[in-house]
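The numbers here are math on the coordinates, done by the rules we state, and not lab data. What you see is a predicted model, and the numbers here were worked out from it, not measured in a lab. Every residue, glycine as well, gets a Cβ built from its backbone with ideal geometry; the counts of neighbours run over all protein chains shown.
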Amino acid sequence: MYVAGEKPDVGTYMCVMCYLELIIESDNEELPECPDCKAGIYKKVD
Ligand SMILES: [Zn+2]
């Protein structure tokens, strides 16, 4: 699991609450709060 504020690896992350997918394109990019449901917990999608 990954939380908002972390800087995870480049890849696609899915919000565990609403299944919105976010793409992280840079190692310096932080995971934001989910823009849809305001949760901040993600799973990585391969
Ligand atoms: Zn969400």
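K44 to E29: extension gain in nm, 0.36 nm per residue of separation minus the Cα-Cα distance? Spell out each step's value before the answer.
On the way: separation 15, 0.36 × 15 = 5.40 nm, distance 1.48 nm.
Taking 0.36 nm per residue and subtracting the Cα distance, the gain is 3.9 nm.
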Residues with beta-carbon under 12 Å from that of P32, excluding P32: net charge, scoring Lys, Arg +1 and Asp, Glu -1?
-> -3
What ³J(HN,Hα) values, in whole Hz, does the Karplus curve 6.51 cos²θ - 1.76 cosθ + 1.60 give for region 33-46 when θ = phi - 60°, with x put for Gly and Pro?
-> 4, 4, x, 8, 10, 6, 6, x, 10, 10, 10, 7, 10, 9
3J(HN,Hα) from dihedral phi, region 13-21, Karplus parametrisation 6.51/-1.76/1.60, rounded to Hz, x for glycine, proline | 10, 10, 4, 6, 8, 10, 6, 5, 9
Highest to lowest packing among 8-16, 25-33, scored as the average C-beta count within 10 Å | 8-16, 25-33
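Loop-only check: which trypsin sites (Lys or Arg not before Pro) in the chain are DSSP coil with at most 13 other Cβ within 10 angstrom?
Hits after loop and neighbour filter: K38.
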Projected area averaged over all directions for the convex hull of the alpha carbon atoms of the chain, nm², comes out at 2.6
